[in-house]
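Remarks on the structure that follows.
Laboratory data are not the source of any read-out in this text; all were calculated from the coordinates shown. Since the model is a prediction, treat every value here as computed from it, not as a measurement. Here the Cβ positions follow ideal geometry from the backbone for every residue, glycine too, while neighbour counts run over all protein chains shown.
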Amino acid sequence: MLGSQDWCRPVGRRPVCVRPAVFTVERVQRTRKVGSCRDDVIRATLGAHDPGCGPSGGAHEPELVLLHGSNARTIDRFTPRDQTTYHGELVQAVFATSDPVWPLFFAVTDTVRVSSRWNACILPERSGAHSTRYFFSVGARETGFWTSGAVYLLPGAAFEPSDEPAEWLATEPVTPLAIVPVTPTDFPFCDRVLRHVEGEPE
């Protein structure tokens, strides 16, 4: 998520796409408090690399940092809960992703106003496409389903790959490295989110 990216916003109803990047621990050492370096992290989320925030990296291999989006901005510990993986396997886990856009969708769509969220994040390593492909839809009759939320930075060492390359899971509680407040304006594809009727086939 932090790092340079190339964006494309195709017209019509073709999938939106973006080149993925990666958060590393070196780049978030100074984002441990809510709001610290917020603008830097948001710019990085949307593709702008600002080397002015955070210490320079060392000689060692950077540690992977994964991302989790939520309406809540005050979670200090994530606990595994019963849910299903990307391909429908029942697990008790905390979910995260290495993708920079996917967690923003979960952060800024209001779980009170939305009955369900259909979504897809297909990385190039999975699809063979040039860029990551997305699908976003919410179960809402009205358009006022946006809210403010947060993207949590989580230690990659606590996670293992799930059954889709974009998805990771942790079976033990996870403490965030940092919390980044976000708003709907930080999600680059607000105008590409579809609406579905609850009960209709995906």
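For segment 61-70, residues that are over 15 Å from W168 (Cβ atoms) and either in contact with a His (Cβ under 7 Å, 6 or more places away or on another chain) or surrounded by fewer than 16 Cβ atoms within 10 Å (Cβ to Cβ) (or both) total 2.
On the basis of being surrounded by fewer than 19 Cβ atoms within 10 Å (Cβ to Cβ) and over 19 Å from T97 (Cβ atoms), does R126 make the cut? Against the criterion (surrounded by fewer than 19 Cβ atoms within 10 Å (Cβ to Cβ) and over 19 Å from T97 (Cβ atoms)), R126 does not qualify. G88 fulfils the conditions (1) of a type in the set (G, A, S); (2) under 19 Å from L64 (Cα atoms); (3) surrounded by fewer than 15 Cβ atoms within 10 Å (Cβ to Cβ) except for a single criterion, (2). Scanning segment 139-165 for residues that are surrounded by fewer than 22 Cβ atoms within 10 Å (Cβ to Cβ) and part of a loop (DSSP other than H, G, I, E, B) yields A140, R141, E142, T143, G144, F145, T147, S148, S162, D163, E164, P165.
Return yes or no: is V101 under 19 Å from T74 (Cα atoms), of a type in the set (A, V, I, L, M) and within 14 Å of the chain's Cα centre (by Cα)? So V101 does not fit the description; no.
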